[in-house]
Amino acid sequence: MMGSYKGKGMGNEDYSGIWVFAEQRNGQIKNVAYELLGRARELADALGVELSAVCFGHEVDDVNGLIAHGVDKIYLVDSAELGDNQEDLLTQQLVELVQQHRPEILLAGATALGRAFIPRVAAALPTGLSADCTDLDIDADKRLLLQTKPTFGGNILAVITCPEARPQMATVRPHVFSLHETDGSRKGEIIKVDFKRERYTSRTKLVEFVAEVAETVKIEEADVIVAGGRGLEKAENFEMIQELASVMGGAVGATRVAVDEGWLAYPHQIGQTGKTVCPRLYIAVGISGALQHVVGMQTSECIVAINDDPHAPIFEVATYGIVGDLFQVVPLLIEKLKKR
């Protein structure tokens with residue numbers, strides 16, 4: 001499915017380069033920035049343009065490290081008032097930088113922060129924005145960013161373009177792109193931008209920042225994930241999944257159906273309306289492989305599918321497939337692993 005956005009803007013020839021918003025939290029650049037830079041470097045090379053990173057914060061660690069990830073220029077705005085990522089201030093500062101330097105593409109992570117303020121940037125410029133993308137490509141001849149995202153409940157993958165307005169903007173789910181190898185020999189330029197607080201207005205005031213209570217399950221960071229779906233039939237059977245995950249030192253995941261049925265809590269949900277993961281090993285147990293789930297785990301290094309239906313779509317993305325009764329296969333796996 002193809003779609004496009006048309007908006008008002010200057011001539012496209014006035015815009016050049018790709019920007020990535022390098023999000024930070026507590027002075028640490030988030031991994032999604034490095035994931036985006038790897039893909040953005042490929043896109044920049046295809047267009048023959050520079051790749052820049054934009055970083056807002058206060059005393060952010062290892063800003064220079066962005067250069068090793070493929071960046072040619074870094075626009076660094078360092079101010080104590082930006083350290084807590086107040087959205088009003090980030091929006092106005094990024095809009096001003098874009099208007100000054102005119103990148104043709106602007107990318108950001110579809111994190112809580114990215115989803116909150118990047119749409120405001122797009123509206124202020126004004127230009128189009130594809131949110132929550134799962135893939136990016138480039139049409140070098142037309143200089144168009146091809147932005148892929150699930151739509152209609154995940155039943156269709158739409159490829160969206162923005163042929164007229166600039167910059168072309170997209171937010172991308174964390175973990176959909178793998179980290180690229182770094183090159184410590186690369187040279188780049190850091191451009192320090194003064195933050196002039198008196199020029200910006202804010203309708204909000206940060207009173208206090210309260211860190212959220214840590215989840216007991218960090219599936220986004222797990223190297224091994226064992227996920228269960230409709231085939232497990234009831235909540236009690238997830239004990240088997242939890243045991244397998246425990247034996248392997250991994251985390252437990254679930255499909256939306258399993259979560260909707262109350263078999264597992266929402267923090268375990270993987271897929272379009274859940275979390276996107278990229279473990280070294282993903283074991284899909286009793287999961288049919290609907291697109292809504294696959295978009296959340298398809299970049300895993302190794303996918304093992306266990307299903308009694310040899311025609312289940314999950315086998316199309318699996319590295320290895322086991323066709324069999326999960327209630328027989330999983331206990332055998334647990335037994336073998338315990339012996340080791």
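With the requirement that a residue be surrounded by 19 or more Cβ atoms within 10 Å (Cβ to Cβ) and at pLDDT below 95, what does segment 64-82 give you?
Leu82, the sole residue that qualifies.
Which condition number does Val49 fail, the rest of (1) within 18 Å of Asp135 (Cβ to Cβ); (2) in contact (Cβ under 8 Å) with a residue 40 or more places away in the chain being met?
Single failed check for Val49: (1).
Could you tell me which residue of segment 99-120 is modelled with the highest pLDDT, considering only residues that are surrounded by 17 or more Cβ atoms within 10 Å (Cβ to Cβ) and out of contact with any Ser or Thr (no Cβ under 9 Å at 6 or more places or on another chain)?
Ile105
With the condition kept exactly as written, say whether any residue in segment 213-228 is at pLDDT 95 or above, small (Gly, Ala, Ser) and outside the structural domain of His69 (by TED's automatic domain parsing).
Checking segment 213-228: at least one residue is at pLDDT 95 or above, small (Gly, Ala, Ser) and outside the structural domain of His69 (by TED's automatic domain parsing).
Listed residues Leu43, Leu76; which is farther than 17 Å from Gly114 by Cβ and in a strand (DSSP E or B)? Let's see the steps before the verdict.
Details: Leu43 fails: in a strand (DSSP E or B).
It is Leu76.
Of all residues in segment 41-57, how many are hydrophobic (A, V, I, L, M, F, W, C) and under 14 Å from Ser16 (Cβ atoms)?
Count: 6.
Those residues that are within 21 Å of the chain's Cα centre (by Cα), touching a residue at least 40 places away in the same chain (Cβ under 8 Å) and either farther than 17 Å from Arg41 by Cα or surrounded by fewer than 19 Cβ atoms within 10 Å (Cβ to Cβ) (or both), I need them from segment 139-166; list them, please.
Selection gives Pro150, Thr151, Gly153, Gly154, Asn155, Ile156, Leu157, Ala158, Val159, Ile160, Thr161, Cys162.
Scanning for something closer than 30 Å to Glu221 by Cβ and within 22 Å of the chain's Cα centre (by Cα), does segment 2-17 turn up at least one residue?
Within segment 2-17, not a single residue is closer than 30 Å to Glu221 by Cβ and within 22 Å of the chain's Cα centre (by Cα).
Here's the yes/no breakdown for (1) in contact with a helix residue (DSSP H, G or I) (Cβ under 8 Å, 6 or more places away or on another chain); (2) in a helix (DSSP H, G or I):
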site: Leu106; (1), (2): yes, no
site: Arg115; (1), (2): no, yes
site: Ala123; (1), (2): no, yes
site: Leu136; (1), (2): yes, no
site: Gln147; (1), (2): no, no
site: Leu157; (1), (2): yes, no
site: Arg166; (1), (2): yes, no
site: His175; (1), (2): yes, no
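Only one residue in Gly324, Gly286 is under 27 Å from Pro174 (Cβ atoms) and either at pLDDT 95 or above or outside the structural domain of Ala158 (by TED's automatic domain parsing) (or both), so which one is that?
Of the residues listed, the single one that is under 27 Å from Pro174 (Cβ atoms) and either at pLDDT 95 or above or outside the structural domain of Ala158 (by TED's automatic domain parsing) (or both) is Gly286.
If a residue counts only when it is small (Gly, Ala, Ser), which strands (runs of 3 or more DSSP E) contained entirely in segment 226-340 have at least 2 such residues?
251-254
Which residues, taken from segment 223-237, are surrounded by 22 or more Cβ atoms within 10 Å (Cβ to Cβ) and either more than 21 Å from Thr299 (Cβ to Cβ) or among the hydrophobic types (A, V, I, L, M, F, W, C) (or both)?
Scanning segment 223-237 gives Ile225, Val226, Ala227, Gly231, Leu232.
Within segment 104-122, how many residues turn out to be touching a residue at least 40 places away in the same chain (Cβ under 8 Å) and under 15 Å from the mean Cα position of the chain (by Cα)?
10
Please go through segment 257-304 and pick out each residue that is over 22 Å from Leu326 (Cα atoms), of a type in the set (Val, Ile, Thr), in contact with a helix residue (DSSP H, G or I) (Cβ under 7 Å, 6 or more places away or on another chain) and crowded, with 20+ Cβ neighbours inside 10 Å.
Within segment 257-304, just Val277 meets the criteria.
Please state which of the following conditions Val71 fails to meet, knowing it meets all the rest: (1) assigned to a strand (DSSP E or B); (2) touching a Gly at 6+ places or on another chain (Cβ under 7 Å).
Exception for Val71: condition (1).
Do we find a residue being assigned by TED's automatic domain parsing to the domain that holds Val32, out of contact with any Cys (no Cβ under 9 Å at 6 or more places or on another chain) and among the small types (Gly, Ala, Ser) anywhere in segment 187-198?
Yes.
The values are calculated or read from the model by the stated rules, or taken from the named source; none is laboratory data. A quick note: this is a predicted structure, and the numbers were derived from the prediction, not measured. In this analysis, Cβ positions are derived from the backbone assuming ideal geometry, glycine residues included, and neighbour counts consider all displayed protein chains.
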